[in-house]
Structures are given as structure tokens and as C-alpha cells.
Amino acid sequence: MNIIVTGAGKGIGYELVKILSRHKQNHILALSRKMSDLKELANDCRKQTPEAKITPYEFDLNQFDFYPFIAQRVESMLHRIDIIIHNAGRLVNKPFSKTEQGDFDEIYNVNVKAPFFFTQALLPLMNRGGHIVMVSSLGGVQGSIKFPGLSAYSSSKGALAILSQCLALELSDQDIHVNCLALGSAQTKMFEKAFPGIKAPLSPQQMASFIADFAVTGQKYFNGKVLEVALSGT
């Protein structure tokens, strides 16, 4: 399978690529803003699986004007795409009254606008039966517990969930499935930044293991679903 993972330089994305690259039939295009992180990731993948097919690609998802060019580069590297995992995310923890327009734009650009337009740019390369996985948050699910300082972040993740449902409908005639995973807490740097001193119940490796399996098999059972992913009771 040809798989694209955004936000691959750290945390869950990093572990996702490591898990997916264990399978020799997979070719993973790993995107991140920092090539140094991607080089470390590629080395880790090849240590565990010498035959791992991983292509590191440095790119800032905020560069929307370059999406058509990136789509051309993806076509030259992968030709076709089976799975896209929109894992990249941005979080700013500020009280509502102090959240500035720049903070809001930063969050929504990465968490909503990038998945929207990056999917649009790559859509002509998607294989029938393909799977697009949006990585959201429990904070973006209606009725879930909300936390102060995350109004922009949580609302962006809610928008991503609705976007997933809309795309599932629009892309059904192409046999492309779109699902959204609303993740509970995992012990990533982003989590530590949002909740200093609090221990998450899951490690990045545990969360990545679930996402990897779902990305490969979930489209057989689900389409247009927003699925909550958390330990029971959390």
C-alpha cells in the first residue's frame, strides 16, 4: 500500500510510520516541517526493518499555494495513493479572552484547512477503495468533557469531524472512504503542553498501533464515522 502520513516528525505520527513501515508491501511518504526529525524517523524504521520503504518529505502544511506542486511530487514518488492519514495538528492553550486571531488562524490552518485542501489536491491520485483517516480529538465531539484554554483547538477538531462526514458522502461514488478518529489523551508533547503535570493513560505507541490498524482495515467496516478512541472510563 502507498500511504501518506502528515505530522510524522513527532509523537503519534512518528510511531505510526514506524508501525506501518514494518510491512514490506507498504511505501510510506512521511511529511513533517523538520527534515532532521524525518531523517531520525527513517533511520529508526530501517533499523527495525531494513527493507522499509519510507520517503521523508519536508513540507509545511501552511504553504497552501504549493499544494499543486506537492501533488505532482507525490505522483512522481508514489504514483497512486491507498491511504492518507491526516495526523498533523496544532494546539494553542490560551483562555478564550486572550486567544488572538493569529492563534486561531494557526490552529484552523493546520487542523481544518490543510486536511481540506491537501485532500483536494491529492484526490486525483487516490485509488478506488482508498481510505482517508482524519485524526481528531475527543474535545471535538459533542457532549464530551471540555477543558479551559482549548476553545479554538477543540472547535477545530469538531469541524474536522464534520468535514470527514461530508467528504465520505461526496467521495462515495469514487469508492473512497473517509473516517475520523476522535482520540483521547496520549502522552505526547502536545498533550504535555496542554496539560502540564498530567499523565495520559495511553502512550503514543499504543495510540499509533490502533490508528495504523484502523487505517489499513477500517474502510471495510466504516465510512463517514466519527469514532471515539480512548480507554474505557477516560
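Restricting attention to region 41-51, the residues that are closer than 25 Å to residue 115 by Cβ and either charged (D, E, K, R) or in contact with a Ser or Thr (Cβ under 7 Å, 6 or more places away or on another chain) (or both) add up to 1.
Only one entry in 62, 43 is surrounded by fewer than 21 Cβ atoms within 10 Å (Cβ to Cβ) and closer than 25 Å to residue 111 by Cβ, namely 62. Evaluated against (1) within 28 Å of residue 216 (Cβ to Cβ); (2) of a type outside the set (A, V, I, L, M); (3) under 14 Å from the mean Cα position of the chain (by Cα), residue 128 falls short on exactly one condition, (3). Of the conditions (1) touching a Cys at 6+ places or on another chain (Cβ under 6 Å); (2) under 18 Å from residue 117 (Cβ atoms), residue 54 fails just one. Which one is it? For residue 54, the exception is condition (2). Of all residues in region 63-83, those satisfying the criterion of being out of contact with any Phe, Trp or Tyr (no Cβ under 8 Å at 6 or more places or on another chain) and of a type in the set (Val, Ile, Thr) are 74, 81, 83.
Any chance region 39-57 includes a residue that's among the charged types (D, E, K, R) and under 23 Å from residue 163 (Cα atoms)? There is no residue in region 39-57 that is among the charged types (D, E, K, R) and under 23 Å from residue 163 (Cα atoms). Within region 32-82, can you find the residues that are among the β-branched types (Val, Ile, Thr) and assigned to a helix (DSSP H, G or I)? The answer is 70, 74.
Taking the condition of being surrounded by fewer than 13 Cβ atoms within 10 Å (Cβ to Cβ) and without any contact (Cβ under 8 Å) to a residue 60 or more places away in the chain, how many residues in region 128-145 meet it? Spell out how you get there, then give the answer.
Step one: filter region 128-145 for residues surrounded by fewer than 13 Cβ atoms within 10 Å (Cβ to Cβ), giving 128-129, 142-143, 145.
In the following step, the residues that additionally are without any contact (Cβ under 8 Å) to a residue 60 or more places away in the chain were identified as 128, 142-143, 145.
Total satisfying the criteria: 4.
Is it the case that region 81-101 has a residue that's surrounded by fewer than 16 Cβ atoms within 10 Å (Cβ to Cβ), of a type in the set (Gly, Ala, Ser) and more than 23 Å from residue 129 (Cα to Cα)? Checked against the condition, which is being surrounded by fewer than 16 Cβ atoms within 10 Å (Cβ to Cβ), of a type in the set (Gly, Ala, Ser) and more than 23 Å from residue 129 (Cα to Cα), region 81-101 yields at least one hit. Within region 83-101, the set of residues being more than 21 Å from residue 167 (Cβ to Cβ) and in a loop (DSSP other than H, G, I, E, B) comprises 91, 92, 93, 94, 95, 99, 100. Restricted to region 116-234, the set of helices (runs of 4 or more DSSP H) holding at least 1 residues that are closer than 25 Å to residue 28 by Cα, modelled with pLDDT of 95 or more and not polar (S, T, N, Q) comprises 151-170, 204-217.
The values are calculated or read from the model by the stated rules, or taken from the named source; none is laboratory data. Predicted model only: the values in this text are computed from it and were never measured. Here the Cβ is made from the backbone with ideal geometry for all residues, glycine too, and neighbour counts use every protein chain on show.
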